[in-house]
Every structure is written in C-alpha cells, then in structure tokens.
1. With all protein chains present and a 1.4 Å probe, how do Glu129, Glu55, Glu246 order by accessible area, largest first?
2. When only Cα pairs under 8 Å and 6 or more residues apart are kept, what is the percent relative contact order across the range 1-106?
3. Work out, step by step, the length gained on full extension between Ala274 and Asn48: first 0.36 nm times the residue separation, then minus their alpha carbon distance; give nm to one decimal.
4. Report, to the nearest 10°, how far helix 102-114 tilts away from the longest principal axis of the Cα atoms in the chain, using its own Cα long axis and a range of 0 to 90°.
5. Determine how large the accessible area of Ile269 is when every protein chain is in place; take a 1.4 Å probe and give Å² rounded to the nearest 10.
6. R0 = 56 Å: FRET efficiency of Glu144 with His175, Cβ-based, nearest 0.05?
7. What percent does the relative contact order of the range 82-216 come to when contacts are Cα pairs within less than 8 Å and at least six residues apart?
8. Could you report the accessible area of Thr217 in Å², rounded to 10, computed with a 1.4 Å probe on the protein chains as they sit in the structure?
Amino acid sequence: MPKIRLSGRIAGANDPNREVRARLLYLLFAGGWDIENANGDQSITLSNIERRIIESDAFVFTPGATLEELFKAVSIFVGYQTLDVNLKSKPTVLLNGDGSWAPLLGLLDHLHELGTIKQDHREFLLVAEDPRKVIDCLRRVRSEGLPDAGRHHHHDAGIAVDELSSFEGEFPAKHAGNVCVFCSASIEEEDYLQDGYSLGTMLAEAGLGCVTGAGRTGVMGSVVRGAVDAGGWTGGSNVPHIIELEGLPEGLSSFWLRPDIYTRMEVMIERSEAFVIFPGGAGTVQEVLALLLLADEGREVMRGKPVIMFDRKDERTGKRFWEPLIG
C-alpha cells in the first residue's frame, strides 16, 4: 500500500484541528493509504528529513502551520525545483481550512512576481480547504503526475560529478571568522549581481571568510567571484544533482560535498559565525526558516550568531524584496 506522511501536531483534547485530523485519517485509510506520523509526534531534523522523504509516497500538511511545518513544506518544494529523484511523482497537499498556510503562499507569490521562483508553486504544493479535497488532490497527482519543473541537467565541461569529493583549505593568517551568504543562484539582473559581487569583495577585505551553497550562477556565483577576486577565503557545500544543474564556482578554498540539500545546509550553518540573507527564491526561504527554527529551539549551533537580512528594494516593481517574509 502507498505510504503517506502526515505532518502537524495536535495540541491536546481541545485543539480545534483535532476533528479535522480525525476525518482526514479516516478518509486516507479508506482510500488505501498507510499513514506515517498519524499521532503527529515524530520529529524532523536536517539530518533525517531526506530519509523521511525517501520512505514516503505522498505528503499532507494539516492546519495550524508552525515554523517547523513551514520549513518542511518549503523544503519539499525546493526538492521539486531541484529535481530531487526521491520526490519524483510524489504529491504534497496543504490542508488550509484555517488559512494558516496563506502567508507562506503569499510570500511564494511575491517571489514568483519578482522572478526568483520560476515555477507556479500551486502546481506542486496543492492547496485543499477540507479533508475530502485532500483525497481528490492525491488521486489526481497519482493519475496525472506532477508538472515539469522546467529545469534540465547541465553537465559542465571539466566537472565529473561522480568523481567529486570534499576538500579543506587553510584559513589565512588574519582570518576573522566566516559569514554564510544565503541567496539566489538564478537571478540574472545586473544590479543584483553587482550587489553580490560587492558583498563578496567587502567580506574578503574585512578578513571574513565567505560560505555559500557553492553555486556558480546568479547572485551566489557573483558573491563567490567577488570574494575570490579580492583574495578572500571561500567555502561552500553542494550536492551532486544540483551541481549537474548549476556547476561549481572556481576558486573555492574548501568544499563540502553532501548527499542532500538538508545536510548541505547543516554544514554551512555549522561552519559559519554569522548569516547574511540576500535576495533569493524558495531555497533562500528554506534556509531562513531553518535558521529561525534552530534559534527558536535554542540549538547550540545558532548561539551568538547574528542573522542579517538585506531587504533590498526591487527597482522594477518598487517592492521590498523580503517584506512578506519579515511580516
């Protein structure tokens, strides 16, 4: 029988979503699904989320969206975007009867308008207002499949992905610590690229190492080039299937190859003393939510580490880039 992973928790006997979850459980069982996390008591971490994805055939997020649920839903959407083979043909439904998922959907709409999300996220994160419509969404995707994310593997000449491995470079003598820059690998507008290059240059001139997702394209690639051209230390982490999409930048001092986007994020956070959030898309939203979630949980890996958000005004639309996320 196909296995569905249910997300969300019930906060005691008086939780208003308890009845909704009960009806959903009944309909899923009646529809032939085995249910994982029926009681809502399983924890998700950066280290185990990919395993949870592999184990499941579909995902349903219940009402009462929390920071953890927002992070998990965005993570799945990023997996669709980056052609994660473990998500192929696996549907995701957001049960939004209480409207708690609306702010996230509004943020993704905003980034779609700004051009950093190319896909229509509502074709991947399906929204249902009641449990019966959840079943309809699941049946439709299992019958018709998910749409093409519109991305294709780009085999960069000179990079044999199956031969890549991690490497470590020494820090310079006056190394003042590492700053991780989370940003877009797809933005192509020159003013955004120049901002990224300038940031990389300034970090290097301040004696700060620059940690990124080791992407060669977009703002991410510009940040790395700025740091490298200024003689700075640069470190990055990436995964094989994204390297095939985007390539690797030149001049990295250290590189940490990881099997999935979650452990990739984990090593970037561990190796950094501060974080700068530059313009980006769903992947950057995922990374911000991960930082907030770890800080909210009081995790040692975030202790004393500032997060700085560059809420740049987009000249084409007149809108602040991260205003919906800050809200």
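The values are calculated or read from the model by the stated rules, or taken from the named source; none is laboratory data. None of the values given here were measured: they were computed from a predicted structure. With ideal geometry, Cβ positions are generated from the backbone for all residues, glycine too; neighbour counts draw on all protein chains shown. Protein only, heavy atoms only, side chains kept; ligands, DNA and RNA dropped before computing areas. Shrake-Rupley method; radii C 1.70, N 1.55, O 1.52, S 1.80 Å.
1. Final ranking, largest accessible area leading: Glu129, Glu55, Glu246.
2. Normalised by residue count, the contact order of the range 1-106 is 34 percent.
3. Numbers: separation 226, 0.36 × 226 = 81.36 nm, distance 2.44 nm.
That pair, Ala274 and Asn48, stretches by 78.9 nm at full extension.
4. The helix 102-114 is inclined about 40 degrees to the chain.
5. 0
6. 0.60
7. Over the range 82-216, the number comes to 24 percent.
8. Approximately 50 Å² of Thr217 is accessible to the 1.4 Å probe.
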